[in-house]
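Have a look at the structure below, then the notes.
Taken together, the values in this text are just the output of simple stated rules run on the coordinates, not laboratory data. Everything numeric in this text was worked out from a predicted model, so none of it was measured. Positions of Cβ are backbone-derived with ideal geometry, glycine not excepted, and every protein chain shown enters the neighbour counts.
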Amino acid sequence: MPPLSSKAANALLALALFGLLVPNGIFLYCFATDPAAVRGVLTNPLALVFVAEAFFLMILFAWLIKKAGLKQPGGLAFVVMSLIGSMAFSVPAALYLWAKNEKRNAGTETG
């Protein structure tokens, strides 16, 4: 992965935090205040298409991560992050962590 500027790394971190807090916060709020609405969404065939697509993309990205040999986070960690915080969290968080690890590894190779 090419090195990122600190501005780009901070933007990825901000996007990851947004993805963790906003979509999950809305879901948890709705689940706590109106669980029947959440059950209604989960029985809606159109909504299930979007859920299935998210799971498909999560598995595809985890496979691509494994094929690319990316570590910290690897494919399994990416799946866990996706399940905990959605793809809106896991994609920028993984990019941030890879860039951070790449920068750290580049520093140890030259020193």
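What the table below lists for this structure:
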{"read-out": "Mean Cβ count within 10 Å, highest first, over the residues of peptides 86-97, 9-20, 42-53, 60-71", "value": "86-97, 9-20, 60-71, 42-53"}
{"read-out": "Karplus-derived 3J(HN,Hα), 6.51/-1.76/1.60, for each residue of segment 76-81, Hz, glycine and proline x", "value": "5, 4, 4, 4, 4, 4"}
{"read-out": "Mean projected area (nm²) of the alpha-carbon convex hull when segment 38-97 is viewed from all directions", "value": "4.1"}
{"read-out": "Fully extended contour minus Cα-Cα distance, from residue 42 to residue 9, at 0.36 nm per residue", "value": "8.3 nm"}
{"read-out": "Where Rh is the Kirkwood radius over Cα pairs, Rg/Rh for the chain", "value": "1.08"}
{"read-out": "Candidate lysines for bridging to residue 67, where Cα separation is under 27 Å - those fewer than 8 sequence places away on the same chain excluded", "value": "100, 103"}
{"read-out": "Assigned charges on the beta-carbon of Lys, Arg, Asp, Glu; the chain dipole about Cα centre (debye)", "value": "300"}
{"read-out": "Relative contact order %, the chain, counting alpha carbon pairs below 8 Å whose residues are six or more apart", "value": "43"}
